[in-house]
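What follows is one structure encoded as structure tokens, with my remarks underneath.
Derivation of every value follows stated rules applied to the coordinates shown; laboratory data play no part. Note that this is a predicted model, so its numbers are computed, not measured. Don't worry about glycine lacking a Cβ; one is built from the backbone with ideal geometry, like all the others, and counts go over all protein chains shown.
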Amino acid sequence: MSLIEFKDVSKLYGFGDATTLALDEVSLTIEENEFVAVMGPSGCGKSTLMNIIGLLDRPTHGDFNLKGRHVSKIRSGQRAKIRRDTVGFVFQSFNLLPRLTVLENVALPLVYKGVSVNRRNKLASAMLERIGLKDREYYYPRHLSGGQAQCAAIARALINEPSIIIADEPTGNLDSANSRLVMELLSDIHKMGNTILFVTHNPELTRYATRVVYMHDGAIIHDEQTPLGEVAATAKKIMFTVPTKTEEDDLAGVSILMKSVPDASDTEAHHAEKAQKPAAKKRKSSKPRAKRTTGAKK
Amino acid sequence: MATVSRGNVKMTIQSIRSTKWRSLLTMLGVIIGIVSVVMTVGIGEGVKREVANQVNQFGDDLITIRPGNAQQDNGKIVSNADLLFGLNSLSGLNPKDLGAVRGADHVRIASPLGVVPGTVQTSDKKLNNSLVLATNSDLPSALNRSVRYGDFFSGQDEQANFAVIGRHVAASLFDENVPLGRSFTFRGQTFVVRGMFDEFKSTPLSPAANFNNAIFIPYQVAERLTGGSTQMYSVLAKPDKPENTRATVSSINKAMLQAHGGQKDFSVLGQKEMLAASGDILSLITTMIAAIAAISLIVGGVGIMNIMLATVTERLHEIGIRKAIGATNRQILNQFMLEASILSLFGGLVGIAVSIVGVFGVRIYTDLKPVISWQAIVIATLTSLAIGIIFGTLPAIKAARKDPIEALRHE
């Protein structure tokens, strides 16, 4: 039983002519204790994927099993409870509540679990100690540096001991030193057995991941295992390219990243078919990945 | 309601405090509503107590016989007469009735009260709106009052031009504290002041029956003055023993029915009925004014709803965060309901505090003596809480139904 199982999951937004396809029949399996980096240009459906995995959103079509449980159709109250107990969210903009102290912010998920005040504060305090923010307990979020705020947010995500941590660009608002701090923390959490999914635009950060998933236009175009401590092979290719997009790229709506993914930047219509070849070579496990990749194998 | 723990209440209070001015303005509607209702009821209650005091000062066993039949339905008395002694009634009783009352079983004393119209003047002063009451020597014992200075006219001098005055007449007519032995002219005759009552407790609603402004003259003198056409507006009677009051009421009823040939065109009222009559009317007035005042409470509730709706939009991002970390719709609903309720409850409590201050103000600056009972405080508190819950529901439902992703995106 896999932790996360996506089967032909699609997500549509809007109606009629304004319909956009955020996820296009994505199939994806994530096992326990994986540390997955999700990369891709803006608007490629990364966040939608994260939201669906985190039970904030429902797929329009397809099946989604979480811990073997079919969760795409259950009631919102039940979803909230599963979200509370199994998923921890970390956001790009930290999303700490400004009127609450760090301690209260970290303890907030426990409020919704019905834990008593004293126990809440004790648990939150212990968590902050683990994170290394014990001395900032009674600070307000505005008094923390970006890195500290993100660590506090991670502490909040961890307080219910969820099996999955979903971090949507956790380092997006941080400088490199703070990014390191946050990623080291996530890495520690991973070592303790949690499954972590994070979205990033920084190829350097794939060092921390055990698996990198590339997305484009709502589909997974590439999926590779990568050893810890090394930048993923595909990501490496875009590391030292010119960081700005050319005018042509802008016109075509294709980012630098897409160019560097093998054969992915040729044409929109054929990118998936072409991506399967290099992906298949790199594949070591038998895990099903992007739907089109597995489909082509048959 | 597990989420309504101490921590949540604290969080809510923090959020209210963070927008102090706005919260205060929001509460203002409820504050004004509560103050107006509590004050109205308080003043009404105060007047009711005053009337009760005034009625009770004459003793529990006083029986009043008035012309006209006060209709009695299920214990309530609907009366179109004056609140206290029926002085405004159109028809009167006559000396025969007085005799009938006197002759009824258990009656110890019976004293008539009739108004004699006319102008009272002294050598240098003139009282146009004087209240001259014709009565007999039994009045002091019927009213449970003895004359403070001088004497009341006794049986022998009921033919003589003697007068006994109320406390305020001394000041308005004679500029003297104790004007015993002074005289005045009334209907061409000279009267000598023989005694003066001490101050009667008065009520603002019944100035016509205010004995402090009255001049009492013997009934027989009044008959002489008016040529025997003095009408009795009421007869006051007392039983031989206080515990016989009810029996006396029925025996007077019987005697009067006999005297009136079986026609019930009079009423015999014990103190309880007197109070009920005045209390019912006062309650009616108070309820009506309070109902009008309660409209402002509804306006206050709408104000809370308005602000809560604005708050929901303003805090959309927060709602998104809370949902993302596992708050159920129900828990978000509870949070906003709690906030509206606390806001409204605070408004109610402030309103009660303002009312208490207001009552002191009214007591100091007017003759009214409003009272705030603990029942009024409890009801006001519960009402304000209920308003918060009622008007907080719609915004709370709106907040709870927000889509978490959209809410998170909102900054």
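An oblate overall shape is assigned to region B:302-345, the ratio a/c of its alpha-carbon gyration tensor axes (a ≥ b ≥ c) being 1.5 or greater and a/b not exceeding b/c.
Express the relative contact order of region B:63-269 as a whole percentage, based on alpha carbon pairs under 8 Å and six or more residues apart in sequence.
Across region B:63-269, relative contact order equals 35 percent.
Enumerate by residue number the trypsin sites (Lys or Arg not before Pro) in region A:56-165 meeting two conditions: DSSP loop (anything except H, G, I, E, B), and at most 13 other Cβ atoms within 10 Å of the site's Cβ.
On the way: sites: A:K67, A:R69, A:K73, A:R75, A:R79, A:K81, A:R83, A:R84, A:R99, A:K113, A:R119, A:R120, A:K122, A:R130, A:K134, A:R136, A:R142, A:R156; in loops: A:K67, A:K73, A:R75, A:R99, A:K113.
For trypsin sites (Lys or Arg not before Pro) across region A:56-165 that sit outside H, G, I, E and B with at most 13 neighbouring Cβ atoms in 10 Å, the list reads A:K73, A:R75.
The share of C-alpha pairs in the protein assembly as shown whose separation exceeds 39 Å stands at 57 percent.
Note that region A:129-143 has calculated 3J(HN,Hα) couplings of 5, 4, 6, x, 10, 3, 6, 10, 3, 9, 6, 8, x, 5, 8 Hz, one per residue in order, obtained from phi through the Karplus relation 6.51 cos²θ - 1.76 cosθ + 1.60 (θ = phi - 60°); glycine and proline are x.
Stretched out straight at 0.36 nm per residue, the stretch from B:L309 to B:A353 would grow longer than its current Cα-Cα span by 13.1 nm. Using the Cβ-Cβ distance between B:I285 and A:K122 with R0 = 56 Å, the FRET efficiency computed as 1/(1 + (r/R0)^6) comes to roughly 0.40.
Once both labels are positioned 7 Å from their Cα atoms along Cα-to-Cβ, the gap between B:T119 and A:E161 label points is 10.1 nm. Close amide H contacts of A:I221 (hydrogens built in the peptide plane, cut-off under 5 Å, sequence separation of 5 or more or a different chain): A:Y214, A:M215, A:H216. Axis angle, to the nearest 10 degrees, between helix B:245-259 and the longest C-alpha principal axis of chain B: 60 degrees.
Size of the dipole of the protein assembly as shown about the Cα centre, Lys and Arg at +1 and Asp and Glu at -1 on the beta carbon, nothing else charged, in debye to 20?
Details: 80 positive and 64 negative charges, 378 e Å.
The dipole magnitude comes to about 1820 debye.
In region A:137-244, which GluC sites (Glu not before Pro) fall in coil by DSSP and have 14 or fewer other Cβ atoms within 10 Å? Spell out each step's value before the answer.
Values: sites: A:E137, A:E184, A:E204, A:E224, A:E230; in loops: A:E137, A:E230.
Hits after loop and neighbour filter: A:E230.
Positive end of the dipole of chain B (Cβ unit charges, origin at the Cα centre): among B:F197, B:A396, B:T366, the Cα lying farthest that way belongs to B:A396.
Potential lengthening of the chain between B:Q375 and B:K272 amounts to 34.8 nm, from the contour at 0.36 nm per residue minus the alpha-carbon distance.
With a sphere of radius 12 Å drawn around the Cβ of B:N136, what net charge do the other residues whose Cβ falls strictly inside it have (Lys, Arg +1; Asp, Glu -1)?
Details: positive: B:R102; negative: B:D138, B:D157, B:E158, B:E223.
After counting each charged neighbour, the total is -3.
Ranking B:G181, B:I109, A:A80 by how far each Cα lies toward the positive end of the dipole of the protein assembly as shown (charges on Cβ) leaves A:A80 at the top.
Quick one: grab the alpha carbon gyration tensor of region B:236-288, order the square roots of its eigenvalues as a ≥ b ≥ c, and give me rounded if a/c is under 1.5, else prolate or oblate depending on whether a/b is larger than b/c. Show your work: numbers first, answer last.
On the way: a/c = 4.22, a/b = 1.62, b/c = 2.61.
Oblate is the answer for region B:236-288, as a/c is 1.5 or above yet b/c matches or exceeds a/b.
On C-alpha positions alone, give me the angle between the axis of helix B:6-17 and the longest principal axis of chain B, in degrees, nearest 10. For B:6-17 against chain B, the angle is about 80 degrees. Karplus-based coupling profile of region B:184-199, in residue order and whole Hz: 9, 10, 9, 6, x, 10, 9, 10, 10, 6, 10, x, 9, 6, 6, 4, with θ = phi - 60° in 6.51 cos²θ - 1.76 cosθ + 1.60 and x standing for Gly or Pro.
Take every DSSP beta bridge with both residues inside the protein assembly as shown and express the antiparallel ones as a percent of the total, to the nearest 5. Please list the in-between numbers first.
Working: 53 of 79 bridges.
Beta bridges within the protein assembly as shown, antiparallel portion: roughly 65 percent.
Counted by Cβ distance under 13 Å from B:I319, the other residues give a net charge of +1, where Lys and Arg count +1 and Asp and Glu count -1.
Our estimate of slack between B:V299 and B:Q258, defined as 0.36 nm per intervening residue step minus the Cα-Cα distance, is 8.9 nm.
The amide H of A:S10, built 1.01 Å from its N in the peptide plane, has A:E25, A:V26, A:T60, A:H61, A:G62 as neighbours under 5 Å, considering only residues 5 or more places off or on other chains.
Close amide H contacts of A:A167 (hydrogens built in the peptide plane, cut-off under 5 Å, sequence separation of 5 or more or a different chain): A:V90, A:L197, A:F198, A:V199. Against chain B, whose longest principal axis is taken from its Cα atoms, helix B:374-400 shows a tilt of about 30°. Applying 1/(1 + (r/R0)^6) with r as the Cβ-Cβ distance of A:D135 and A:S176 and R0 = 22 angstrom yields a FRET efficiency of 0.35. Given A:K67/A:K236; A:K7/A:K46; B:K10/B:K323; B:K96/B:K254; A:K46/A:K134, which pairs have Cα atoms separated by over 23 Å? Violating the 23 Å limit, Cα to Cα: A:K67/A:K236; A:K46/A:K134.
Taking a sphere under 11 Å around the Cβ of A:L108 and counting the other residues whose Cβ falls inside, with K and R at +1 and D and E at -1, yields a net charge of +3. Phi angles across region A:22-34 convert, under the Karplus curve 6.51 cos²θ - 1.76 cosθ + 1.60 with θ = phi - 60°, into 3J(HN,Hα) values of 7, 10, 10, 6, 7, 10, 7, 10, 10, 8, 5, 6, 7 Hz, Gly and Pro given as x. Applying 1/(1 + (r/R0)^6) with R0 = 56 Å to the Cβ-Cβ distance of B:N94 and B:R330 gives a FRET efficiency near 0.15.
Toward the positive end of the charge dipole of region B:63-269, with +1 on the Cβ of Lys and Arg and -1 on the Cβ of Asp and Glu, the farthest Cα among B:L127, B:A163, B:G262 is that of B:G262.
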